[in-house]
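Okay, so here's the structure we're looking at.
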Amino acid sequence: MKERLQRIISLRVNGRTYELSVGDGLTDMPESETLADTLRDRLGFTGLKIGCNQGACGCCTVIMNGKPITSCMTLTMDCDGGDITTIEGLADAATGELSGLQQAFLDNCGYQCGFCIPGIIMTAQALLDHNPDPTEEEVREALAGNYCRCGTHYTAVESIMAYVEQRRNGK
Ligand code: FES
Ligand code: FES
């Protein structure tokens with residue numbers, strides 16, 4: 001009889017720890033599963049979107065260990081011990097109140113269909129975590145890997161800069 005191969009990995013997502021069994025058993029997560037599929041289909045974080053599924057659009061961006069990553073190009077089994085934030089993790093967990101950055105997209109009409117926006121916001125959040133007062137050029141550079149099929153790049157940048165401006169003014 002074939003021996004079952006299995007390994008337990010753990011992910012911390014939005015402050016909560018999840019243990020996942022990786023292996024070739026019926027209930028195991030296959031080694032080939034991407035982080036995007038694990039977050040959406042196993043753990044229910046459907047805020048991240050899968051567009052191209054090949055690392056080209058940035059819709060699936062999440063923050064892992066302080067860096068923005070394309071989750072469609074990341075194998076979950078390689079994320080053991082990773083500390084991950086998805087778009088759901090930006091809002092206040094207790095009240096559901098949106099973060100200031102999220103609210104800025106609403107206030108400045110920074111989207112059309114919204115499909116690309118979770119990825120754009122997570123990329124912007126990762127930038128702001130390291131550089132709280134970026135220039136517009138730095139924002140544009142950070143967003144170079146995020147594509148919007150509706151052509152709302154300009155309003156996305158405007159929304160982020162409006163948020164940066166708010167913070168400069170201490171609001
Ligand atoms: S869905 Fe991951 S980069 Fe496009
Ligand atoms: S707002 Fe529609 S894809 Fe960006």
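I'm trying to understand the selection: among the residues of the stretch 23-63, which are farther than 16 Å from Ile120 by Cα, among the aliphatic types (A, V, I, L, M) and not in a loop (DSSP other than H, G, I, E, B)? Matches in the stretch 23-63: Met29, Leu35, Leu39.
Among residues of the stretch 145-160 that are touching a residue at least 60 places away in the same chain (Cβ under 8 Å), those with a Cβ under 6 angstrom from a residue that is near ligand 2 (Cβ under 8 Å from one of its atoms) and of a type outside the set (Phe, Trp, Tyr), sequence gap 6+ or separate chain, pair up as Asn146/Ile120.
Here Ala94, Ala56, Ala36 are screened, and the one residue that is at pLDDT below 95 and more than 15 Å from Ile8 (Cα to Cα) is Ala94. Screening Gly119 on (1) more than 13 Å from ligand 2 (Cβ to nearest atom); (2) part of a helix (DSSP H, G or I); (3) touching a Ser or Thr at 6+ places or on another chain (Cβ under 7 Å) shows it passes everything except condition (1). Would you confirm whether or not the stretch 147-160 contains a residue that is modelled with pLDDT of 95 or more and touching a Phe, Trp or Tyr at 6+ places or on another chain (Cβ under 6 Å)? The answer is yes; a qualifying residue exists. Evaluating Thr123 against the criteria (1) more than 16 Å from ligand 1 (Cβ to nearest atom); (2) surrounded by 21 or more Cβ atoms within 10 Å (Cβ to Cβ) leaves one unmet condition, (1).
The values are calculated or read from the model by the stated rules, or taken from the named source; none is laboratory data. Computed from a predicted structure; not experimentally measured. Glycine also receives a Cβ, built like all others from the backbone with ideal geometry; neighbour counts cover every protein chain displayed.
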